[in-house]
1. Return the residues of the range 21-41 that are among the acidic types (Asp, Glu) and either in a loop (DSSP other than H, G, I, E, B) or at pLDDT below 90 (or both); say none if nothing qualifies.
2. When the residues of the range 26-57 are narrowed to those that are among the β-branched types (Val, Ile, Thr) and touching a Ser or Thr at 6+ places or on another chain (Cβ under 6 Å), which ends up surrounded by the fewest Cβ atoms within 10 Å (Cβ to Cβ)?
3. For the range 68-77, check the following and say yes or no: at least one residue is closer than 18 Å to VAL123 by Cα, basic (Lys, Arg) and surrounded by fewer than 16 Cβ atoms within 10 Å (Cβ to Cβ).
4. Search the range 98-123 for residues that are on the phi > 0 side of the Ramachandran plot and pair each with any residue that is charged (D, E, K, R) when their beta-carbon atoms are under 9 Å apart and the residues are at least 6 apart or on different chains.
5. Exactly one condition in (1) of a type in the set (Asp, Glu); (2) more than 17 Å from the chain's Cα centre (by Cα); (3) closer than 18 Å to ILE130 by Cβ is not met by GLU11; state its number.
6. What is the one condition in (1) surrounded by 14 or more Cβ atoms within 10 Å (Cβ to Cβ); (2) modelled with pLDDT under 80; (3) over 14 Å from TRP129 (Cβ atoms) that GLU86 does not satisfy?
7. Filter the range 42-83 for residues that are touching a Leu at 6+ places or on another chain (Cβ under 8 Å) and outside any helix (DSSP H, G or I); which is modelled with the lowest pLDDT?
8. Checking GLY18 against (1) more than 19 Å from ILE130 (Cβ to Cβ); (2) assigned to a helix (DSSP H, G or I), only one condition comes out false. Which one?
Amino acid sequence: MHRLDEVQARELTLAAVGAVNRRDHLWSVDAVRCLVSDERTRVVAIDTCAAILLRGVPRGSLEPSVRIPISVPATRGDATCARAAEVASEVLSGLACGDDQRVALVLARLTEDQQFDAVLVLVRATAAWIDTYVGIDGDTVDAYYAIAKTETT
C-alpha cells in the first residue's frame, strides 16, 4: 500500500473500526498493521480512536493520576492482550490528562508488535464504544465499505 496522508490514515482508522463492527476482523487487523507501519499514521490512528473514546472529556481536563480503563475480550492468561490493554489505557489516560510526554514515553518503550497490539486494542475498544452507545456509526461503516471495495476491485 502507498504512503498514507493524514486524511487517508483517519479514514483507514474509521474503516478498521467499521470492519470490527461488521465482524471482518482479518481486514481490521490488516488495516491496523498498515497504520502502525509509519509513526505519523500511527499517531493519527491513536488520535482518531481517542477522539471517539474520549468524547465529552476535554483533553487536559483530568488529573494526571486518573486512569481510563480499557477492557478487551481475552482468553484466560493471555498476557499479550492484557499488556496491550494496559498500554492502550495508559495512552488514552495520558491524552485525557493532556500529557503528551507521557504518551510519547509509553509508545517509545514499545516494540513495533507491541504498538500494533495497543493500536488494535484501541480500534476494538472504539468499535465496542460505538456498538454500545450508538449502535453502529455510519461514518465508520461507510469508510470500511469504501476502502474494502476499492481494494477488492
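The values are calculated or read from the model by the stated rules, or taken from the named source; none is laboratory data. Only a predicted model underlies this, so the values are computations on that prediction, with no experimental measurement involved. When we count neighbours, we look across all protein chains shown, and the Cβ atoms used for this are built from the backbone with ideal geometry, even at glycine.
1. Correct list: ASP24, ASP38.
2. First, the residues of the range 26-57 that are among the β-branched types (Val, Ile, Thr): 29, 32, 36, 41, 43-44, 46, 48, 52, 57.
Restricting the remaining residues to those that are touching a Ser or Thr at 6+ places or on another chain (Cβ under 6 Å) gives 48, 52.
Values: THR48: 23, ILE52: 20.
Filtering the range 26-57 for residues that are among the β-branched types (Val, Ile, Thr) and touching a Ser or Thr at 6+ places or on another chain (Cβ under 6 Å), the one surrounded by the fewest Cβ atoms within 10 Å (Cβ to Cβ) comes out as ILE52.
3. no
4. Partner pairs satisfying both residue conditions: GLY98/ARG59.
5. Going through the list (1) of a type in the set (Asp, Glu); (2) more than 17 Å from the chain's Cα centre (by Cα); (3) closer than 18 Å to ILE130 by Cβ, GLU11 breaks only (2).
6. (2)
7. ARG59
8. Going through (1) more than 19 Å from ILE130 (Cβ to Cβ); (2) assigned to a helix (DSSP H, G or I) one by one, GLY18 breaks only (1).
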